[in-house]
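Inspection log for the structure reproduced underneath, given as structure tokens.
The values are calculated or read from the model by the stated rules, or taken from the named source; none is laboratory data. None of these values were measured; they are calculated from a predicted model. Here the Cβ positions follow ideal geometry from the backbone for every residue, glycine too, while neighbour counts run over all protein chains shown. SASA here: full protein model, heavy atoms, side chains in, ligands and nucleic acids out. Shrake-Rupley method; radii C 1.70, N 1.55, O 1.52, S 1.80 Å.
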Amino acid sequence: MKAMKINPHLEAMKMLDEAIALSTRPASDFEFLRQAEREICVRLNFQRDDGRWTQALGYRVQHSSDLGPYKGGLRYHPEVEIEELRALAFWMSLKTAILGLPLGGGKGGIAVDPSLYSASELARLTRAFVEAIHLDIGPDRDIPAPDVNTNAQTMAVFADAYGKLNAAYEPAVVTGKPLAIGGSLGRHEATGLGVISALKSALATAGRSIEGCRIIVQGTGNVGAIAALEALRLGAMIVGVSNTTGSFYAPEGISPELLKLLLESAAAGASVQLAVLEGAGAKRLSTPEFLSQAADVLIPAALENQIDLDVADVLQADFVIEGANGPCTQEADRRLFERGVVVVPDVLANAGGVLVSYYEWVQNRQRDVWSRDLVLERMAAKLESAYQDLLEIQASYEKKGQKIRLREAAYLSAIHRIVEAHELRLG
Ligand code: NAD
């Protein structure tokens, strides 16, 4: 029998329910968070290189603008669908709220397999998307960014198309742009570095250090590759790494030289074949086996719902740092907590991306350019203070005799901030 696909929005709503149950406010105050303010679905017509026209569905879910313009990525993936985007847009609202940013949450995507199209076909697809949604986005309305299978180049075309429709180039309409056209120094590596900054905070709380830590990383994209490289730089050992070409594990650690070579080209956007790791002594495993191998830390940095209850029961890492959005199901998150595994939730662990996106937007609006050091120092300080806020919320519940998860603390912090803004606006 085929396993039932987990609905990410239902998972997100289960997590919301748990947070609401912990709040002293009535549940009805939070009801509006279950629905997005607006959902856009458009048929996109774009031309193939041979002149034929073809179609794809594009979406933008604008969840909450209570705290400011919608902010969130755009993914190009064959499995993009509305329920997934609803969850991702909701999580973006939480992320910006936890960080105290003047931004709301949104997410979008196109249901397409980008590997089937040339670069020029994908550029035409992006332009068709901008034409279809340009009235609903903008620097004060909704600011997209890269996500799965989109990158700085996609954002360059996006910003160009938007500028042409408005007869003026406005870099602040998207973030994650190339440096030459208004991108921010540090944005490319922000999410991966933020993941490691969250890991260091979690390790420090437990009186441990990253040096010598044995880490498994799922996904070698922008987030996974950069997080793994930073972990190696700080003296950690990568014992497992995976992407769509396979999952590889070596208990004694995978050759850092070979890994660096592969990960540097992955971090630069190349698709890398990991099978060469077998030659270097790593074993190829199925995804659930891979995720539950012996390690100190697991960094899921691929897609949603990778860690379900079955994996959570046997997972051996002491820390799970959620580089991806929604990699743990709600039941799995609960089980990991019962088993004493520290899970740093996505809404904080991968928030470095949106934080530096915000810095990019601020620079664009001020026509300013900040140094890489300034960007990354600000990011690390903000992530650390947000982490300490969550520990304080946990401690305040502990005083009342209730042990709550970091995710519950994160949800509580975010939903209270959004509700407060929502009520002020309603008058
Ligand atoms: P990406 O497209 O650059 O990389 C995704 C990686 O996951 C690729 O290496 C791919 O091969 C791998 N992958 C896909 N399916 C897999 C599977 N079943 N098993 C193993 N590996 C698999 O995407 P990204 O930007 O690195 O994003 C990864 C995750 O991080 C997503 O959940 C995304 O929403 C989240 N995220 C990204 C950013 C960002 O700034 N890029 C910010 C916050 C959150």
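Would you check if there is a residue in segment 260-268 being outside any loop (DSSP other than H, G, I, E, B), in contact (Cβ under 8 Å) with a residue 24 or more places away in the chain, open to solvent by 60 Å² or more (accessible area, probe 1.4 Å) and more than 11 Å from the ligand (Cβ to nearest atom)? Let's see the steps before the verdict.
Just the residues of segment 260-268 that are outside any loop (DSSP other than H, G, I, E, B), to begin with: 260-267.
Next, only the ones that are in contact (Cβ under 8 Å) with a residue 24 or more places away in the chain stay: 260, 262-264, 266-267.
Restricting the remaining residues to those that are open to solvent by 60 Å² or more (accessible area, probe 1.4 Å) gives 260, 264.
Keeping just the survivors that are more than 11 Å from the ligand (Cβ to nearest atom) gives 260, 264.
Yes: segment 260-268 contains one or more residues that are outside any loop (DSSP other than H, G, I, E, B), in contact (Cβ under 8 Å) with a residue 24 or more places away in the chain, open to solvent by 60 Å² or more (accessible area, probe 1.4 Å) and more than 11 Å from the ligand (Cβ to nearest atom).
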Q.
Any residue in segment 372-384 that is without any contact (Cβ under 8 Å) to a residue 40 or more places away in the chain and assigned to a helix (DSSP H, G or I) sitting within a Cβ distance under 6 Å of a residue that is surrounded by fewer than 21 Cβ atoms within 10 Å (Cβ to Cβ) and not basic (Lys, Arg)? List the pairs, counting only those 6 or more apart or interchain.
A. none
Q. Within segment 14-35, can one find any residue that is touching a residue at least 60 places away in the same chain (Cβ under 8 Å), closer than 22 Å to Val148 by Cα and outside any strand (DSSP E or B)?
A. no
Q) If you check every pair at least six apart or on different chains, which have Cβ atoms under 9 Å apart with a residue in segment 414-427 that is under 25 Å from Gln394 (Cα atoms) first and a residue that is modelled with pLDDT under 95 second? A) Ala414/Val347
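Assess whether Arg284 counts as being touching a residue at least 12 places away in the same chain (Cβ under 8 Å), away from the ligand (no atom under 16 Å from the Cβ) and of a type in the set (Lys, Arg).
Details: touching a residue at least 12 places away in the same chain (Cβ under 8 Å): yes; away from the ligand (no atom under 16 Å from the Cβ): no; of a type in the set (Lys, Arg): yes.
It is false that Arg284 is touching a residue at least 12 places away in the same chain (Cβ under 8 Å), away from the ligand (no atom under 16 Å from the Cβ) and of a type in the set (Lys, Arg).
To keep it simple, each residue is scored yes or no on (1) among the acidic types (Asp, Glu); (2) open to solvent by 10 Å² or more (accessible area, probe 1.4 Å); (3) within 12 Å of the ligand (Cβ to nearest atom); (4) touching a residue at least 12 places away in the same chain (Cβ under 8 Å).
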residue	(1), (2), (3), (4)
Phe290	no, no, yes, yes
Ala294	no, yes, no, yes
Leu298	no, no, no, yes
Ala301	no, yes, yes, yes
Val314	no, yes, no, yes
Phe319	no, no, no, yes
Pro327	no, no, yes, yes
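Quick one: which of Gln273, Gln293, Gln363, Gln330 is under 30 Å from Thr175 (Cβ atoms), touching a Gly at 6+ places or on another chain (Cβ under 9 Å) and polar (S, T, N, Q)?
Numbers: Gln273 fails: under 30 Å from Thr175 (Cβ atoms); Gln293 fails: under 30 Å from Thr175 (Cβ atoms); Gln330 fails: touching a Gly at 6+ places or on another chain (Cβ under 9 Å).
Result: Gln363 is the single residue among Gln273, Gln293, Gln363, Gln330 that is under 30 Å from Thr175 (Cβ atoms), touching a Gly at 6+ places or on another chain (Cβ under 9 Å) and polar (S, T, N, Q).
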Q | Hits in segment 1-52 (condition: within 30 Å of Arg124 (Cα to Cα) and open to solvent by 70 Å² or more (accessible area, probe 1.4 Å)) | A | Glu37, Arg38, Glu39, Cys41, Arg43, Asp49, Asp50, Arg52
Q | Filter pass, Arg86 being of a type in the set (D, E, K, R) and in a strand (DSSP E or B) | A | no
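For (1) surrounded by 21 or more Cβ atoms within 10 Å (Cβ to Cβ); (2) under 25 Å from Arg339 (Cβ atoms), each residue gets a yes or a no:
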| position | (1), (2) |
| --- | --- |
| Tyr359 | yes, no |
| Tyr387 | yes, yes |
| Gln402 | no, yes |
| Gly427 | no, no |
Q: Sort out which residues of segment 333-349 are open to solvent by less than 10 Å² (accessible area, probe 1.4 Å) and either in a strand (DSSP E or B) or within 16 Å of the ligand (Cβ to nearest atom) (or both), and write them in order of number.
A: Asp333, Val344, Pro345, Asp346, Val347, Leu348, Ala349
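Among the residues of segment 361-379, write down those that are among the polar types (S, T, N, Q) and surrounded by fewer than 23 Cβ atoms within 10 Å (Cβ to Cβ). Write out each step before concluding.
Our first condition is that a residue be among the polar types (S, T, N, Q); within segment 361-379, this holds for 363-364, 366, 371.
Once the filter is applied, which keeps residues that are among the polar types (S, T, N, Q) and surrounded by fewer than 23 Cβ atoms within 10 Å (Cβ to Cβ), segment 361-379 yields Gln363, Gln366, Ser371.
Scan segment 115-153 for residues that are part of a helix (DSSP H, G or I), open to solvent by 50 Å² or more (accessible area, probe 1.4 Å) and within 13 Å of the ligand (Cβ to nearest atom) and report the count. Walk me through it before giving the result.
Filtering segment 115-153 down to residues part of a helix (DSSP H, G or I) leaves 115-116, 119-136, 152-153.
Narrowing further to those that are open to solvent by 50 Å² or more (accessible area, probe 1.4 Å): 115-116, 119-120, 124, 127, 131, 135, 153.
Then drop every residue that is not within 13 Å of the ligand (Cβ to nearest atom), which leaves 115, 153.
Final tally of qualifying residues: 2.
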Q) If we scan segment 274-286, do we find a residue that is open to solvent by less than 60 Å² (accessible area, probe 1.4 Å), assigned to a helix (DSSP H, G or I) and touching a helix residue (DSSP H, G or I) at 6+ places or on another chain (Cβ under 6 Å)? A) no
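Can you tell me which residue is farthest from the ligand (Cβ to nearest atom) among those in segment 154-177 that are assigned to a loop (DSSP other than H, G, I, E, B) and of a type in the set (D, E, K, R)?
Just the residues of segment 154-177 that are assigned to a loop (DSSP other than H, G, I, E, B), to begin with: 167-170, 174-177.
Adding the requirement that they be of a type in the set (D, E, K, R) leaves 170, 177.
Details: Glu170: 21, Lys177: 13 Å.
Of everything passing the filter in segment 154-177, Glu170 is farthest from the ligand (Cβ to nearest atom).
Considering each residue of segment 202-238, count those that are within 16 Å of the ligand (Cβ to nearest atom) and more than 17 Å from the chain's Cα centre (by Cα), and give that number.
Taking segment 202-238 and keeping what is within 16 Å of the ligand (Cβ to nearest atom), we get 215-231, 238.
In the following step, the residues that additionally are more than 17 Å from the chain's Cα centre (by Cα) were identified as 215-216, 229-231, 238.
Residues flagged as within 16 Å of the ligand (Cβ to nearest atom) and more than 17 Å from the chain's Cα centre (by Cα) within segment 202-238 amount to 6.
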Q) Which condition does Ala159 not pass, out of (1) modelled with pLDDT of 95 or more; (2) in contact with a Phe, Trp or Tyr (Cβ under 6 Å, 6 or more places away or on another chain), if it passes all the others? A) (2)
Q.
So Ile418 ticks every box in (1) open to solvent by less than 10 Å² (accessible area, probe 1.4 Å); (2) at pLDDT below 95 but one. Which box is left unticked?
A. (2)
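Within the bounds of segment 358-374, is there any residue that is small (Gly, Ala, Ser), away from the ligand (no atom under 16 Å from the Cβ), at pLDDT 95 or above and farther than 26 Å from Met15 by Cα? Please lay out each step first, then the result.
Narrowing segment 358-374 to residues small (Gly, Ala, Ser): 371.
After this cut, where a residue has to be away from the ligand (no atom under 16 Å from the Cβ) as well, the list is 371.
Subsequent filtering for residues that are at pLDDT 95 or above retains 371.
Now narrow it down to the ones that are farther than 26 Å from Met15 by Cα: 371.
Scanning segment 358-374 turns up at least one residue that is small (Gly, Ala, Ser), away from the ligand (no atom under 16 Å from the Cβ), at pLDDT 95 or above and farther than 26 Å from Met15 by Cα.
Table: residues versus (1) within 19 Å of Ala123 (Cα to Cα); (2) charged (D, E, K, R); (3) open to solvent by less than 50 Å² (accessible area, probe 1.4 Å).
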| site | (1), (2), (3) |
| --- | --- |
| Ala161 | yes, no, yes |
| Leu165 | yes, no, no |
| Val174 | yes, no, yes |
| Ile181 | yes, no, no |
| Arg187 | no, yes, yes |
| Gly192 | no, no, yes |
| Ala202 | no, no, yes |
